[in-house]
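Okay, so here's the structure we're looking at.
The values are calculated or read from the model by the stated rules, or taken from the named source; none is laboratory data. Since the model is a prediction, treat every value here as computed from it, not as a measurement. Here the Cβ positions follow ideal geometry from the backbone for every residue, glycine too, while neighbour counts run over all protein chains shown.
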Amino acid sequence: MPFATINGIRLVYDVRGQGIPVLWIHGFPLGRWLWDPQVHALADIARSIAVDLRGFGGSSAPEGPYTMETYAADLQGLLDTLGIDRVVLAGLSMGGYVAFAFYAAYPERVRALILADTRHQADTPEARANRYALIERIRAEGTPAAVEAFLPRLFGATTQRERPELVETLRRKMLTNPAAGLIGALQAMAERPDRTELLPSIQAPALVIVGEEDAVTPPDLARQMAEGIPRARLVVIPRAGHLANVEAPEAFNEAVRGFLRELEV
Ligand code: MLT
């Protein structure tokens, strides 16, 4: 497992493929494995870097507090270590929150954005309170509390009905995350800033992707986000929920491939 020491912690990552550098940022409570269907299928066009954020998978899980800015600084350090100047930044859900923080801090390093199943708004007071309640449950019961809370919301109705084995495989992977990292991430999400005002200032081309059945960050919200970013386009993926990239990898990859091709010319 390749790793780099960044900001005093260990960050585990994989690099695969050749072409445009793409940095893939996973959501919650996931890991770099989320992007397996992309890094393999796009290896002929993209040099993919898939990383475990601090607190996830094989990366260190130091004591918090964590913030979106901390994750972004880790990623910037990783790019420096790999000698990569500019990337296509691809984030799903919480990964999108990190991508916004990264763009806000280091816009010159972003060649383009892929924002999948994510949102630009901050948490509502109710969502924030739910996160802090879940943090208390994780402190008492460990990682399974987070997985059981999120799992039912992550997949679309089609996947839940037709592919229970996929849900089960991902459930097992989610359970490998350390509780300390999940607590840090929930706090980082609860305290993240609203990015509505960032949207019109984004100069990079952006691909906004959303699963048609995404109940966490629904298509209407994705449409609103795409309309707010000057050079954005929206792709809605049929028969997929919040994890559109694993639920419908072919449609997802086709959208990404088309987007990357346009960047090449
Ligand atoms: C995620 O998939 O990263 C989470 O659903 C994001 C969130 O809880 O806001």
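Can you name the residue in the range 223-249 that is touching a residue at least 60 places away in the same chain (Cβ under 8 Å) and charged (D, E, K, R) and is also farthest from Val22 (Cα to Cα) among such residues?
Arg239
crowded, with 24+ Cβ neighbours inside 10 Å, over 14 Å from the mean Cα position of the chain (by Cα) and within 16 Å of the ligand (Cβ to nearest atom): which single residue out of Tyr71, Tyr66 fits that description?
Tyr66
So which residues in the range 237-252 are surrounded by fewer than 17 Cβ atoms within 10 Å (Cβ to Cβ) and assigned to a helix (DSSP H, G or I)?
Start the filter on the range 237-252 by keeping residues that are surrounded by fewer than 17 Cβ atoms within 10 Å (Cβ to Cβ), which leaves 238-239, 250.
Hit for the range 237-252 is Glu250, nothing else.
Quick one: Leu115 ticks every box in (1) under 19 Å from Asp220 (Cβ atoms); (2) more than 11 Å from the ligand (Cβ to nearest atom); (3) assigned to a helix (DSSP H, G or I) bar one, so which box is it?
Evaluating Leu115 over (1) under 19 Å from Asp220 (Cβ atoms); (2) more than 11 Å from the ligand (Cβ to nearest atom); (3) assigned to a helix (DSSP H, G or I) leaves (3) as the failure.
Just checking, does the range 217-236 include any residue being within 30 Å of Ser60 (Cα to Cα) and surrounded by fewer than 19 Cβ atoms within 10 Å (Cβ to Cβ)?
No, the range 217-236 contains no residue that is within 30 Å of Ser60 (Cα to Cα) and surrounded by fewer than 19 Cβ atoms within 10 Å (Cβ to Cβ).
At pLDDT below 95 and not hydrophobic (A, V, I, L, M, F, W, C) - does that describe any residue in the range 139-152?
Taking every residue of the range 139-152 in turn, at least one turns out to be at pLDDT below 95 and not hydrophobic (A, V, I, L, M, F, W, C).
Considering every residue within the range 83-92, establish whether at least one is touching a Ser or Thr at 6+ places or on another chain (Cβ under 7 Å), assigned to a strand (DSSP E or B) and within 16 Å of the ligand (Cβ to nearest atom).
Yes, that holds for at least one residue.
What are the residues in the range 226-265 that are more than 27 Å from Thr196 (Cβ to Cβ) and not charged (D, E, K, R), if any?
Keep residues of the range 226-265 that are more than 27 Å from Thr196 (Cβ to Cβ), which gives 238-239, 246-251, 253-254, 257-258, 260-261, 264-265.
Correct list: Pro238, Val246, Ala248, Pro249, Ala251, Asn253, Gly258, Leu260, Val265.
Scan the range 21-51 for residues that are in a loop (DSSP other than H, G, I, E, B) and either touching a Pro at 6+ places or on another chain (Cβ under 9 Å) or within 16 Å of the ligand (Cβ to nearest atom) (or both) and jot them down.
Within the range 21-51, His26, Gly27, Phe28, Pro29, Leu30, Gly31 qualify.
Any chance the range 101-112 includes a residue that's outside any loop (DSSP other than H, G, I, E, B), among the hydroxyl-bearing types (Ser, Thr, Tyr), at pLDDT 95 or above and within 16 Å of the ligand (Cβ to nearest atom)?
Checked against the condition, which is being outside any loop (DSSP other than H, G, I, E, B), among the hydroxyl-bearing types (Ser, Thr, Tyr), at pLDDT 95 or above and within 16 Å of the ligand (Cβ to nearest atom), the range 101-112 yields no hits at all.
Residues that are surrounded by 18 or more Cβ atoms within 10 Å (Cβ to Cβ) and within 13 Å of the ligand (Cβ to nearest atom), at least 1 per element: which helices (runs of 4 or more DSSP H) completely within the range 118-211 meet that?
125-141, 143-154, 164-174, 179-190
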